[in-house]
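Participant: Before we start, here is the structure in question, set down as structure tokens.
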Amino acid sequence: MTDFAESDIKNSRNYLEERKMVLDLAQVHELEILDIGAGPLSIIAAKDYNCCVTSIDIDGEELHVWEVEAEKEGVSDRISFEEEDATNISYCNDAFDVGVCYCALHHIPVEKRDEAISELSRVSSERFIIADYTLEGFLEIHSREDFVPVDLALLENFLKSSGTMNVIPMGRLVIYTVEKN
């Protein structure tokens, strides 16, 4: 039982550090950002980076969970939680300074992932960031769920046409930053 608890503490620390690393790479300080996939990243961005965040998710219950957390953290005035489909975002072109998709792409059906990436690019005026698991990281986190891992080689190839791309391997994650042309 002790090993399990120590592992949880280590993973919890990595959990926050990974998101902060992504936000640092995205250079989001005091910007308006879109966060695809409701979760703690939006709270971190609002609280530690003074961002205005729109967090979208197709799951209204998940949005509500994080809306409650944002209230507890005192940042609900800087985060808008919206039920949206990442493959068909209702916002206009360049609506946000930066778009972030942190480990949410593998939650989108494989045949719709290109649409989600195109939409993320479309609504981001300066840059967008996609972070997702390596196969090993994916299997560690989602081995018992019905998600399909992201083919990182295909993702990288698709992103090359979107702008100036930088690839940052980070343990079980790979982070792609794309500066818009």
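Rule-based calculations on the coordinates, nothing more; no lab input. Computed from a predicted structure; not experimentally measured. Methodologically, a virtual Cβ is constructed for each residue, glycine included, from the backbone with ideal geometry; neighbour enumeration extends over all protein chains shown.
Participant: Grab the chain and count how many Lys pairs have their alpha-carbon atoms under 18 Å apart, sequence gap of 8 or more, or different chains.
Facilitator: Numbers: K10/K20; K20/K47; K47/K72; K160/K180.
Lysine pairs meeting both conditions in the chain amount to 4.
Participant: For the range 69-181, report the % of Cα-Cα distances exceeding 26 Å. Could the numbers behind the result be given before it?
Facilitator: Values: 1440 of 6328 pairs.
Here the tail beyond 26 Å accounts for 23 percent of pairs.
Participant: Report the gain in length on full extension from D59 to E111: 0.36 nm times residue separation, minus Cα-Cα distance, nm rounded to one decimal.
Facilitator: Details: separation 52, 0.36 × 52 = 18.72 nm, distance 1.91 nm.
That works out to 16.8 nm of additional length.
Participant: Among DSSP beta bridges lying fully in the range 2-179, give the percent that are antiparallel, nearest 5.
Facilitator: Working: 14 of 34 bridges.
Close to 40 percent.
Participant: How far apart, in nanometres, would the label points at V167 and D77 be if each is projected 7 angstrom from Cα along the Cα-to-Cβ direction?
Facilitator: Roughly 4.4 nm, to one decimal.
Participant: Return the FRET efficiency for the residue pair D85, R144: r is the Cβ-Cβ distance, R0 is 25 Å, and the value is rounded to the nearest 0.05.
Facilitator: Details: r = 26 Å, r/R0 = 1.03.
So, using R0 = 25 Å, E works out to roughly 0.45.
Participant: Search the structure for amide H atoms under 5 Å from the amide H of L31, placed 1.01 Å from N in the peptide plane, and list their residues when 5 or more places away or on another chain.
Facilitator: Amide H neighbours of L31: C52.
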